[in-house]
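Following: one structure in structure tokens, then a few remarks.
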Amino acid sequence: MDAETMKNLDAVYKKWQNRADPAGGGIYTAGDANDPGRKAWQDKFGDNIQAPQRAPSRFRPRKRKNKQADLSFQPLTEVKFHVPGAVIPAIYKRRRPVMGASCDRCCKESKKLFEDITPSWGMHNILSQNLYKKHNLLKRSFCHIAFVRACNISHEYPDVKQNVMQSARVKTCILTPVLQEHSLSDQDIKEAEKIRRQRLTELEKEADTIYNRMAAVIYRRFIRFTAWFLFKLFGRLLSSIQIHNGQMDILREASQDERPLVFLPLHKSHMDYLLLTFVLVTRDIKVPHVAAGDNLRIPVFSWMLRHLGGFFIKRKLDHSSRKDELYKCVLQEYVEQLLQNGQYLEFYIEGSRSRTGKAMVPKSGLLSLVVNSVTEGVVPDVNIVPVNISYEKVVDSGYTNELLGEVKRPESFWRTIKSIWRVIRTTYGNVRLDFGQPFSLQEFSRSMDLSQPMKDFASSLVAKATVNSSSRSSLLRNYSDVSLSDMGDDKSFALTKALGYHVVYDAVNCCAVMSTNMVAFLLLNNHRQGTTFEELSASFERLRGEIISRERDVGFSGEKAAIIHHALRLLADDVIVTEVQKFIMEIHIQPKLVLPHLLNLTFYSNQVVSLFALDSVLACGITAAAEDSESYDSEDIDGKKIVSQKTILEKTKQLCDILQREFIFVPPCISLESALIEALDKFTASETLKIMQQSTAGSRGGDWGWDDEHDADMSIIDVPEVDYKLTKSDELLTKLRYLKSLVAPLVESYWVSACALRWLSNQTFSETEFLTALHACAKERVQEEVTFFPESCSMEPLRNAIRIFKEWKVIQVDADSRVSLCDAYNDEDALFDVIEKIGQFKL
Ligand SMILES: O=P(O)(O)OC[C@H](O)CO
């Protein structure tokens, strides 16, 4: 961390505090009963002030100046990096919205199950052990031991090895190749029999080895010990671990159900594994078996993970040959056996940690195992739980290096030790876990059969997969017309995909926005050239209002200035804080607009960008429609541009198609068009667009009269033709441009990638060469300052752009991984169309 920035930040903040209105609660000292901030807080929330950010413990940092200080109030200056006390505690008594309600269209029955529960509304900090406040000294001193001893970890974790190895599936998988490879007719019967036995023994051993390397062996005592250890560790690293009591009530109720829970969290950090297990232990919920990549099978740590429920899987399977057949078979059987035995599972469906802070499109491998178990009737049903973990600061390092083109360094024992050493010497603010409402997979599957958008979604996916994979024989079937239950294998495939997309969408929508997300977002998008503390505070307040109006929660509360100060300290490496002498002394805050700092800020900002993604693409669609000379025929007498809804929707859908790997704009049960039409209302309400005429010519229904049952099926109703006038108000146009700018760095990355396609006109590249050259070109643009958005050279969108071009059949990759243009695009004009298709959305 830049020492000067830190010094400035503290100095200017103290000065600012002295100027601040004391009634705002920003100024206080430890244990000061007259502290106005405390008083204001007490007036607001009563005497029952709770929750220090870090658990009271004799293991707390020793350099405490005032050991007698009221632990519910921490002084700002107490320890280095200390969090201002007002940032978090106020939330505990406040009603906070319960996010994560399950989908009204897909999971009505599951939703009803939880309707009778009146969820608590407050937040709880797991690290706070206030319940021991009134106990004797011994219990207070050893509150974590006392707490962990009281946790119920008596759940059963049966060993399923025998069942897996003796299962018909595994036995058949072992026998089939033996019988095929060594046919008795070919050789002497005795000799063949001997070879068969040898081969059988070999394969049995292989299956045994696969199982032993994969399976978890949960030790309950170790779980208890780890929970205690994590209290100490997290107490040192984090200010709080917040959970919503209402969500936990629902989760606990679901854990009483006989259907196993399958937790599907978004993956942002290696800490996710520990945090989720830790939270569940402290709430007396059975710990899940957690799928971890075999990159984490490192000495000592893998032993620990395995005994906490981790099982290790290969990250890539060979589907082309039979090499991994036995592996897949053991894995499928293992997952089935766990579910049949009522064990809970935890998968990270994105497959990898998000380097950009945005959710990634789901991978289907592990999820398909669960879906198959249910669709094949081996397991009656499971409850799916989307989860999101929001960090103020992630502990993982190296994300920005990877986005700048460095190859990820594989995990190793020493590297892990080094990382732990680095991590424990700093603090990471607050963490919040949000659990979506559990919903039944069977119900989701039934809903899929009834919903037209889901059928369309399934149809497009199956068509894509069939075109991309020669192994899928049912080429180009149109599933819109058939019941999904007739689809057989394809039904499982489509169900897995739809479920994955829905879960990621749900998890993103139940994520609390943290202070660092907001500050990074504001600095990158509202105050890129820097701003004063006062202006930042005003924008912060407006953004908070906007987030809450979108039925999302923020992961903090308390005095605004303290929150911003806290966020700036966590982002101190990436911002410059200075004092500027104008008429009065002003605090000036500026983001570091250079790499890698920009990428780091983008990581935190992206959480908020996702929230505005649909509005942002719509703003791009509106502007592109207005600028497209073919799409508006005239200007009215005021000279306002006239754009048709049809053109706006067309343009916006094009952009959604381009950015389909960056955002999941709508869940699979809603048609994109209906969501866009709904979002357009905001633009008409603000008068950015004014409705000119609404004719029903050509529409089937003649009015907007769909009933409730079909409100999700707007795609089957023709949309009335609507024309809009685009506002001429500078203020509204600036807002439109602002919304457009939110996705501008991404659009720029895709545009640069499209331009690079021209290199393929006369030559081929290997996939890696092409990506490296593209990345070098994007970085050169940054160095030469020909782009407003240096973050556009991030590796991730460039990689995604190449995937999209493959999907569009602009490029193809042959068996030797060489990239070339597809025939239809091997000409300048066709390539120009691709470039233009993306370029029209540039800022
Ligand atoms: O691809 P990575 O490095 O994000 O790996 C993340 C997973 O947790 C590995 O199991």
- Item | Subset of region 396-419 [within 13 Å of the ligand (Cβ to nearest atom), in contact (Cβ under 8 Å) with a residue 60 or more places away in the chain and not aromatic (Phe, Trp, Tyr)] | 396, 401, 402, 403, 410, 411, 412, 416
- Task: Go through (1) closer than 23 Å to residue 160 by Cβ; (2) within 14 Å of the ligand (Cβ to nearest atom); (3) part of a helix (DSSP H, G or I); (4) in contact (Cβ under 8 Å) with a residue 60 or more places away in the chain and name the single condition residue 329 misses.
- Result: (2)
- Task: Residue by residue through region 228-268, note down the ones that are open to solvent by 10 Å² or more (accessible area, probe 1.4 Å) and either in contact with a Cys (Cβ under 7 Å, 6 or more places away or on another chain) or of a type in the set (Ser, Thr, Tyr) (or both).
- Result: 255
- Query: If residue 380 passes every condition in (1) of a type outside the set (Ser, Thr, Tyr); (2) over 29 Å from residue 567 (Cβ atoms); (3) within 16 Å of the ligand (Cβ to nearest atom) but one, which one does it miss?
  - Reply: (3)
- Query: So which residues in region 556-581 are in contact with a Ser or Thr (Cβ under 9 Å, 6 or more places away or on another chain) and farther than 19 Å from residue 524 by Cβ, if there are any at all?
  - Reply: 556, 560, 561, 580
- List the number of the failed condition for residue 575; all other conditions in (1) under 23 Å from the mean Cα position of the chain (by Cα); (2) within 18 Å of residue 603 (Cα to Cα) hold. (1)
- Selection from region 570-584 of residues surrounded by 18 or more Cβ atoms within 10 Å (Cβ to Cβ) and either touching a Phe, Trp or Tyr at 6+ places or on another chain (Cβ under 8 Å) or over 23 Å from residue 598 (Cβ atoms) (or both) yields 570, 571
- Message: Need pairs with beta-carbon distance below 9 Å; first residue touching a residue at least 40 places away in the same chain (Cβ under 8 Å) and within region 263-274, second part of a loop (DSSP other than H, G, I, E, B) and of a type in the set (Lys, Arg); sequence gap 6+ or separate chains.
- Response: 267/353; 268/353; 269/353; 270/353; 272/353
- Within region 305-326, which residues are touching a residue at least 24 places away in the same chain (Cβ under 8 Å), part of a loop (DSSP other than H, G, I, E, B) and under 14 Å from residue 351 (Cα atoms)? 315, 317
- Task: Kindly indicate the residue of region 163-198 that is at pLDDT below 80 and part of a loop (DSSP other than H, G, I, E, B) and also farthest from residue 325 (Cα to Cα) among those meeting that condition.
- Result: 188
- Item | Flag for residue 536 being touching a His at 6+ places or on another chain (Cβ under 8 Å) and farther than 30 Å from residue 262 by Cβ | yes
- Lone unmet requirement of (1) within 16 Å of the ligand (Cβ to nearest atom); (2) of a type in the set (D, E, K, R); (3) open to solvent by 10 Å² or more (accessible area, probe 1.4 Å); (4) over 14 Å from residue 500 (Cβ atoms) for residue 346: (3)
- Query: Only one residue in 375, 427 is more than 12 Å from the ligand (Cβ to nearest atom), of a type in the set (Ser, Thr, Tyr), open to solvent by 30 Å² or more (accessible area, probe 1.4 Å) and closer than 20 Å to residue 237 by Cα. Which one?
  - Reply: 427
- Message: Can you tell me how many residues within region 308-319 are surrounded by fewer than 18 Cβ atoms within 10 Å (Cβ to Cβ) and more than 10 Å from the ligand (Cβ to nearest atom)?
- Response: 5
- Task: Find the strands (runs of 3 or more DSSP E) located wholly in region 199-304 whose residues include 3 or more that are away from the ligand (no atom under 16 Å from the Cβ), and list them.
- Result: 240-244
- Could you identify the single residue in 742, 736 that is on the phi < 0 side of the Ramachandran plot and at pLDDT 95 or above? 742
- Query: Just a yes or no: is a residue in region 528-543 in contact with a Gly (Cβ under 7 Å, 6 or more places away or on another chain) and crowded, with 18+ Cβ neighbours inside 10 Å?
  - Reply: no
- Message: Condition first: surrounded by fewer than 22 Cβ atoms within 10 Å (Cβ to Cβ) and touching a helix residue (DSSP H, G or I) at 6+ places or on another chain (Cβ under 8 Å). Can you find one or more residues in region 512-519 that meet it?
- Response: no
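Restricting attention to region 382-437, and to residues there that are basic (Lys, Arg) and in contact with a helix residue (DSSP H, G or I) (Cβ under 6 Å, 6 or more places away or on another chain), which single residue is modelled with the lowest pLDDT? Let's see the steps before the verdict.
Looking only at region 382-437, we keep the residues that are basic (Lys, Arg), and these are 393, 408-409, 415, 418, 422, 425, 432.
Checking the rest, the ones that are also in contact with a helix residue (DSSP H, G or I) (Cβ under 6 Å, 6 or more places away or on another chain) come to 393, 408.
Values: 393: 94, 408: 86.
Among them, the one singled out is 408.
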- Message: Going residue by residue through region 218-225, is there one that turns out to be over 40 Å from the mean Cα position of the chain (by Cα), closer than 30 Å to residue 325 by Cβ, open to solvent by 10 Å² or more (accessible area, probe 1.4 Å) and of a type outside the set (Phe, Trp, Tyr)?
- Response: no
- Item | Odd one out for residue 527 among (1) over 17 Å from residue 742 (Cβ atoms); (2) outside any helix (DSSP H, G or I) | (1)
- Per the filter on region 378-392, residues among the β-branched types (Val, Ile, Thr) and either crowded, with 21+ Cβ neighbours inside 10 Å or not in a loop (DSSP other than H, G, I, E, B) (or both) are 379, 382, 384, 385, 387, 389
- Query: Of all the residues that make up region 355-369, how many are within 12 Å of the ligand (Cβ to nearest atom) and surrounded by fewer than 20 Cβ atoms within 10 Å (Cβ to Cβ)?
  - Reply: 1
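Taking the options 326, 345, 317, name whichever one is at pLDDT 95 or above and either out of contact with any Phe, Trp or Tyr (no Cβ under 8 Å at 6 or more places or on another chain) or among the aliphatic types (A, V, I, L, M) (or both).
345
The values are calculated or read from the model by the stated rules, or taken from the named source; none is laboratory data. Computed from a prediction, not measured in an experiment: that's the story for all the values here. FYI the Cβ positions are ideal-geometry reconstructions off the backbone, even for glycines, and counts take in every protein chain you see. These accessible areas exclude ligands, DNA and RNA; they are computed on the full protein's heavy atoms, side chains included. Shrake-Rupley method; radii C 1.70, N 1.55, O 1.52, S 1.80 Å.
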